[in-house]
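Chemist: Shown below is the structure under consideration.
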Amino acid sequence: MITIISSTNRLESKSLKVAKEAFLLLKELTDKQVRLLDLSEINFENLNTPSYQSNLKYANNIRDEFLIPAQQFVFIIPEYNGSFPGILKYFIDTISTTGFSETFHNKKALLIGVSQGRAGNLRGLTHFASILMHMNVTVIPQSLPLSTIDNKWDEKGTLIDSTKKRIQKHLQLIN
Ligand SMILES: Cc1cc2nc3c(=O)[nH]c(=O)nc-3n(C[C@H](O)[C@H](O)[C@H](O)COP(=O)(O)O)c2cc1C
């Protein structure tokens, strides 16, 4: 199983739109099961209050459904202040308090950055890659920075073909 993670809870996120497109493209490329985890669907209050140890059942359910059965992850990560969103680290920290090795050890991750500016979140991908490597996840060295994301849609709001093709080529690295 491959899980795609849309790594923000911002409403109307472009990363989520990219993640949905990646989901469709990956399903065409692989016979493996593909799942999409959208961090905006997680009730973070439920995940958090009052400490990392509370409501572990809620966090564990997400982890057990989307992460433990996956051998590979595809993270779609927007650039927030030159890095990845804090909510992504918060999510990882919360679900890693138990079942750490079944969730992360010896799994593979492919990274895609999304930004409004010119960097395509390359720096944030490097930051996040170092955290994944700390957790014993093998990060595929090539990453895909999607910059000036607002210009990558046609008048119907569909991702333009050249960007779709770049995503499709990149996804071949995880299959
Ligand atoms: C808190 C915040 C910080 C941001 N910082 C940057 C930035 O440092 N560089 C950049 O190019 N875009 C930045 N952006 C714009 C995002 O890259 C843009 O919203 C893009 O669509 C990807 O994020 P999204 O998935 O939330 O839509 C920022 C957006 C937010 C909400």
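The values are calculated or read from the model by the stated rules, or taken from the named source; none is laboratory data. Here the structure is a predicted model, which means the values were calculated and not measured. Cβ: placed from backbone, ideal geometry, glycine included. Neighbour counts: every protein chain shown. Ligands, DNA and RNA are excluded from the accessible area calculation, which covers all protein heavy atoms including side chains. Shrake-Rupley method; radii C 1.70, N 1.55, O 1.52, S 1.80 Å.
Chemist: For segment 92-125, name all the residues that are surrounded by 19 or more Cβ atoms within 10 Å (Cβ to Cβ) and either within 16 Å of the ligand (Cβ to nearest atom) or farther than 18 Å from residue 37 by Cα (or both).
Modeler: 111, 112, 113, 114, 115, 120, 121, 124, 125
Chemist: Residue by residue through segment 126-161, note down the ones that are open to solvent by 70 Å² or more (accessible area, probe 1.4 Å) and either hydroxyl-bearing (Ser, Thr, Tyr) or over 27 Å from residue 31 (Cβ atoms) (or both).
Modeler: Residues satisfying the conditions are 126, 127, 133, 134, 138, 150, 151, 155, 156.
Chemist: Further, regarding this structure: Conditions: (1) surrounded by fewer than 17 Cβ atoms within 10 Å (Cβ to Cβ); (2) away from the ligand (no atom under 16 Å from the Cβ); (3) under 12 Å from the mean Cα position of the chain (by Cα). Residue 3 meets all but one. Number of the miss?
Modeler: (1)
Chemist: Hey, could you check segment 6-44 for residues that are open to solvent by less than 10 Å² (accessible area, probe 1.4 Å) and outside any loop (DSSP other than H, G, I, E, B) and say which is farthest from the ligand (Cβ to nearest atom)?
Modeler: 26
Chemist: Cβ-Cβ distance below 8 Å, separation of 6 or more or different chains: which pairs start in segment 67-82 with a residue that is more than 21 Å from residue 148 (Cα to Cα) and open to solvent by less than 20 Å² (accessible area, probe 1.4 Å) and end on one that is part of a helix (DSSP H, G or I) and among the β-branched types (Val, Ile, Thr)?
Modeler: Correct list of pairs: 67/95; 67/103.
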